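The values are calculated or read from the model by the stated rules, or taken from the named source; none is laboratory data. Keep in mind it's a predicted model, so treat the numbers as computed, not measured. Heads up, the Cβs are rebuilt from the backbone with ideal geometry, glycines too, and the neighbour counts pull from every protein chain shown. Remember, those area values only see protein heavy atoms, side chains included, never the ligands or the DNA or RNA. Shrake-Rupley method; radii C 1.70, N 1.55, O 1.52, S 1.80 Å.
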Amino acid sequence: MVSVDTDEGAMAEPPDEGWSDEEIESLLGTAILLGIVTILIYFVVLRPIFNPKNDNNGAAAGAQQQRQQLGGAARNATDAQMAAARAAAQRPAARGRNGGAGAALSAAGADSASSSLPSIVAGGNRKPSHLADGCTGGPSASRYLVEGLISFRRSKAGAYETGMQKAASCESEQGQSVVDANRRSRARLFAKLLNSAVTGSRTSTPPPRGSNVIVCIPSADVSCTKLHRALWLLGTYYSLFLVLCLPQSPKDEVGNVDESEKERDLMASLRKELRQSGLKDDVGVPTDVLPDHRIVAARSVEGRVAFVRQMHRPEFVLDFDAEMKTQLERFGFTVLVYGQKDEQKRSSDGISLLAKSLML
C-alpha cells in the first residue's frame, strides 16, 4: 500500500491574468504618441496632397488683392503727377489772363503735386537751352525725350537751317543759293564719310536725319575753319556729340586742384575757339547747333570708349584712332576712322585731320 505525503497549502494557485500599472502606462503613452504622429502626418502631408484647391485659392486671392492695392497706388501716383504737370503748364497763361486766378491755380497745383513731385519741380518752367522755342518747359518737357535725349526735331539744331532759309528770304535768288550750297556741301561730305577707302565704311547709305552721331577730334584742331564747316553740316542734320581729345597730364598733377581749374579754363577756351576762331568768313559752330553740354573731353582712348558706351546706340562714331574701332566694334558699335594714311594729326597749314579727310 503506497502512501502519498501531501503538505498543507502545497497546491499551485492559478496565475494572475490582470494588467500591471507599468503596462497600462506604457500602452497609454504609445497611444498618445501614435495620435500625435497621425495628426502631424495628416496636416503636413496628406491634407496638402488631397485638398490643394483651398490653399491655392487662398494664395491666389491674396496675390490678387496685393496686385489691386499696388495698382491703385500706382494709378493714384500717376494721376497726381499728371495733374502737377498740367498745372505747371497752365500757370503762365493763367497769370497773363488774371493775376488772382493764376495765383489760386498755382497754389492748387502745388498742393496736388506735394504727394508726388517736389513743389520746386512741379512749379518750375525751366527748359533745356537747346530745346526748340515752340516747346514748353517744366515737367511737361519730358515728353520730348527719346532714350533720355531731346529728340532732334524738338531741338534748335533741327530747325536751325530752316530758320536760316527764312532769314535769307528763300524766295530770293540769294537765299536759294545758300540752301543749295549747304545741300551740295553736305552731299560731298557724306560721299567721303561713307567711302570705304577714306573711313572704312561698309555702307554707302547715310543714317536717317536726326540720328545720334559722335565725332572725336584732337583738341589742337578746334581752330580750323574747315572743321567748323564740317561740324556745322553734321550738327544741322544729326544730333551731334563732340569729344575733344586732350593731351595726357603729367602724373604729378593728376587729381590736383590746380589742374582741375586749368582743365575747366582749357575747356572754356576750346569751346570759345570752336564757336568762332576770329577769322574772316568763319561763322564757327553756334550753340544752337552744338550745345556746350554736348562738347566733352577725354585724355585717352579708354575715356572716349567709356563715353561712347554710355550713349544709346549712336549710328556711328567718327574717330581718328584705329584703336577705337578695335575696342568698340566688339560691342556692336559702328566706328569710322578718318586720317588713317596721314602721319601727322594736324599739318602746319592749320587744316585739321578731319577737314583734310572729308572737306578737301
| said: Step by step: first the residues of segment 301-340, then only those that are charged (D, E, K, R) and not in a loop (DSSP other than H, G, I, E, B), then the one that is farthest from the chain's Cα centre (by Cα). Which residue is that? | reply: E323
| message | Being closer than 25 Å to G284 by Cβ, open to solvent by 40 Å² or more (accessible area, probe 1.4 Å) and either modelled with pLDDT under 90 or assigned to a loop (DSSP other than H, G, I, E, B) (or both) is the requirement here; does P208 meet it? | response | no
| message | Being farther than 20 Å from T162 by Cβ and either open to solvent by 30 Å² or more (accessible area, probe 1.4 Å) or over 28 Å from the mean Cα position of the chain (by Cα) (or both) is the requirement here; does R202 meet it? | response | yes
| remark: Those residues of segment 306-335 which are closer than 22 Å to S352 by Cα, open to solvent by less than 30 Å² (accessible area, probe 1.4 Å) and aliphatic (A, V, I, L, M) amount to V317, L318, M324, V335
